[in-house]
2 protein chains.
Amino acid sequence: MKLQQLRYVCEIVNAGFNLSRAARVLHASQPGVSRYVHLLEEELGLPLFVRTKNRLVSLTPAGEAIAEAAKRALREVESVQHIASDFRGGDVGNLIIATAPGHARYSLPPVVERYVKRYPGVRLRIRQGNSAQVVEWVMNKEADCFIATGPTEVNRDLTLLPCHDIHAVILAPSAHPLGKKRRITLHDVCAFPIITYNAEFTFYSHIMRAFHSAGLQPDILLSASDAELMKTYVRAGLGIAIVAHTAQGKGKDRGMRTIDAAHLFGTSVVHIGVRRGVHLGKHLVHFVEMFAPRLELGAQQRTKSAGA
Amino acid sequence: MKLQQLRYVCEIVNAGFNLSRAARVLHASQPGVSRYVHLLEEELGLPLFVRTKNRLVSLTPAGEAIAEAAKRALREVESVQHIASDFRGGDVGNLIIATAPGHARYSLPPVVERYVKRYPGVRLRIRQGNSAQVVEWVMNKEADCFIATGPTEVNRDLTLLPCHDIHAVILAPSAHPLGKKRRITLHDVCAFPIITYNAEFTFYSHIMRAFHSAGLQPDILLSASDAELMKTYVRAGLGIAIVAHTAQGKGKDRGMRTIDAAHLFGTSVVHIGVRRGVHLGKHLVHFVEMFAPRLELGAQQRTKSAGA
DNA sequence: CGTGATTACGTTTATCGTAATTATA
DNA sequence: TATAATTACGATAAACGTAATCACG
């Protein structure tokens, strides 16, 4: 059995059982592909494709199972090449990180700063998008990993690495009545117009779930993807903002006060998501080691390839 | 890149980096293997093996990662062949089931009877052993699956399919004082000499854990792997037996009574264990469908190969 | 020197394209 | 008749073994 034969089979399948089209994609001649497939079928002792007279129509049951296994085999072979090119290159290359604007703005900058200093040859790119987008990008190989606040609805082609916890805080104008209470409740919060993240962010659903399960209907005055924008509206006295604790400036948020709200909304976990079962590139591993040292991803890599 | 090259790499590794030995195993000439490996290294652009002058010594870091991926790729290719031979054969073949004597004797017979009637061409073999042995047999491909009472200490090369629950019953002589109580306690049970399974069976640990966590030290008079043997001793009045509920005869256990003990020892789950990530043979799927129809393994197979 | 890796060389075989053929819509 | 699969044939290349060479213990 040859790798090419497996490639041919897979390509025929996703060319919609059109040998000619598959041959074009594979830079091979139509007869070559035809013969090679026949050879494989002969070797395996059964037909992989259903043929009506002179046309490929579909996979046989055996063909389906075999095409699946073939795809997995090819992925591993591809992975051999990726591993090689990963080791081959020195500390140069590309690293694309997909994440929500919140992480990009608050958690990432210090890490990125250290990273580009340590690995100046790596071209680091950060793509911003909502939860669904960043997942999509990683699956399509348009990004090497995503950083997202879970639990993300995620399929079995991705692996999530829990990095650290995140909790909500409330930003209110300095003289706001909420600031006087010792321990606020969801009910207290609900009394005021609320500014928070857009609905496509996981944090939004997280917050809303807390309100709804308490039987409350908050008055969402305004939603945005940018915490700095929210702060502007808070300063203007339009309402109070519920944001991730990472979004609070270190004493730089003048004109407002921060009220802890961890007990109201619980904690979420920030995850790094990568494609499952493939070799994690050296640059990605280095980055993750900086972003979440407790994962000890580098140490794992040394003993076993492609983390859990 | 050729599959053979990957085979060569893997074989060199488990021949202890001895090219000559690897070549012999692979039915190839030493020079052929040498050149082919060099070709691969050239293609990948980096050395896979550490060479001291004229001798292979070990894998480079890249080599280790690549050897792992290569092994996975080869396993998938092998799996293609297995799938083919699985579909090729009609309803003939072999099926080896490893299990503890208890399952072999009580749960399996009716299933086996139906199975051999439906698939008379399949040579069914049942190997009996303790928990560790049956796991070992499946991993070494000396058996297609095992049936065991969990939770088995199991590694990530195996998949466990939960089949059904099992609970303990107490077998006591007809006139035994325990039979008069309405709801017995662990303490009650401890007052009498106990007959149960050998220590190497999971059920034994399960029972003992219940006693120990209640701070009790039961008097184990006798342990055996065969429930029928235990019954003999119970009839002789030597003690009471704690056995799986599946071991009780349907009214045929003369001279003794059955006392329910589910509330004392809880329930365990009977699992079928198979090698992870490989195609499940048609015969095995058929058997599992009969043994545990609620798994709907056949339906899963039709859509996706090798169940979770 | 013996064992084991590499290089050189030649034969055999397989791979794959062009051209011709057949079959279907 | 156009499109798509199969068969026939031939040139090129690769796969792989034998023999020779080299390198170390």
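Remarks
- Residue in the range B:53-60 that is among the polar types (S, T, N, Q), within 13 Å of DNA strand D (Cβ to nearest atom) and open to solvent by 40 Å² or more (accessible area, probe 1.4 Å) present: yes
- Residue that is open to solvent by 20 Å² or more (accessible area, probe 1.4 Å), under 27 Å from the mean Cα position of the chain (by Cα) and aromatic (F, W, Y), where the choices are B:F201, B:F192, B:F265, B:F287: B:F201
- Residue count, the range A:1-28 (criterion: without any contact (Cβ under 8 Å) to a residue 12 or more places away in the chain and near DNA strand D (Cβ under 8 Å from one of its atoms)): 3
- Whichever residue in the range A:21-51 is more than 14 Å from chain B (Cβ to nearest Cβ) and either assigned to a strand (DSSP E or B) or open to solvent by less than 40 Å² (accessible area, probe 1.4 Å) (or both) and, among such residues, is farthest from DNA strand C (Cβ to nearest atom): A:A22
- Test for B:A104: is it under 20 Å from the mean Cα position of the chain (by Cα), among the hydrophobic types (A, V, I, L, M, F, W, C) and part of a helix (DSSP H, G or I): yes
- Scan of the range B:52-106 for residues that are within 16 Å of DNA strand C (Cβ to nearest atom) and either closer than 30 Å to B:F201 by Cα or more than 14 Å from chain A (Cβ to nearest Cβ) (or both), ordered by number: B:T52, B:K53, B:N54, B:R55, B:L56, B:V57, B:S58
- Candidate set from the range A:1-20 (those that are assigned to a loop (DSSP other than H, G, I, E, B) and over 27 Å from B:L6 (Cβ atoms)); member that is farthest from the other protein chains (Cβ to nearest Cβ): A:N18
- Any hit, the range B:41-48, residues being more than 13 Å from DNA strand D (Cβ to nearest atom) and among the acidic types (D, E): yes
- Among the residues listed as B:D157, B:D144, the single one being modelled with pLDDT of 90 or more and either of a type in the set (S, T, N, Q) or open to solvent by 30 Å² or more (accessible area, probe 1.4 Å) (or both): B:D144
- Counting only residues that are touching a helix residue (DSSP H, G or I) at 6+ places or on another chain (Cβ under 6 Å) and without any contact (Cβ under 8 Å) to a residue 60 or more places away in the chain, the range A:223-255 holds 1 of them.
- Once the range B:268-284 is narrowed to residues that are open to solvent by less than 40 Å² (accessible area, probe 1.4 Å) and away from chain A (no Cβ under 14 Å), the residue that is modelled with the lowest pLDDT is B:S268.
- Selected residue (only one of A:I194, A:I147 is under 20 Å from A:A247 (Cβ atoms), hydrophobic (A, V, I, L, M, F, W, C) and not assigned by TED's automatic domain parsing to the domain that holds A:K252): A:I147
- B:L74, sole failed condition from (1) within 16 Å of DNA strand D (Cβ to nearest atom); (2) assigned to a helix (DSSP H, G or I); (3) open to solvent by less than 50 Å² (accessible area, probe 1.4 Å); (4) without any contact (Cβ under 8 Å) to a residue 60 or more places away in the chain: (4)
- So A:I170, is it in the same structural domain as A:V234 (by TED's automatic domain parsing), part of a loop (DSSP other than H, G, I, E, B) and either open to solvent by less than 20 Å² (accessible area, probe 1.4 Å) or more than 24 Å from A:D219 (Cβ to Cβ) (or both): no
Matching residues to (1) open to solvent by 50 Å² or more (accessible area, probe 1.4 Å); (2) over 19 Å from B:D165 (Cβ atoms); (3) assigned to a loop (DSSP other than H, G, I, E, B):
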| site | (1), (2), (3) |
| --- | --- |
| B:L221 | yes, yes, no |
| B:M230 | no, yes, no |
| B:Y233 | yes, yes, no |
| B:V243 | no, no, no |
| B:G249 | no, yes, yes |
| B:D253 | no, yes, yes |
| B:T258 | yes, no, no |
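- Failed criterion for A:E64 (all others in (1) more than 15 Å from DNA strand D (Cβ to nearest atom); (2) of a type in the set (D, E, K, R); (3) open to solvent by less than 30 Å² (accessible area, probe 1.4 Å) hold): (3)
- Scoring B:V13 on the criteria (1) within 16 Å of DNA strand C (Cβ to nearest atom); (2) open to solvent by less than 20 Å² (accessible area, probe 1.4 Å); (3) within 25 Å of A:G89 (Cα to Cα); (4) under 31 Å from the mean Cα position of the chain (by Cα) leaves a single failure, condition (2).
The values are calculated or read from the model by the stated rules, or taken from the named source; none is laboratory data. Owing to the predicted nature of the structure, the values given are computational and were not obtained by experimental measurement. Neighbour counts are summed over all protein chains in view; Cβ atoms, including those assigned to glycine, are modelled from backbone coordinates with ideal geometry. We work out accessible area using only protein heavy atoms, side chains counted, and drop any ligands, DNA or RNA first. Shrake-Rupley method; radii C 1.70, N 1.55, O 1.52, S 1.80 Å.
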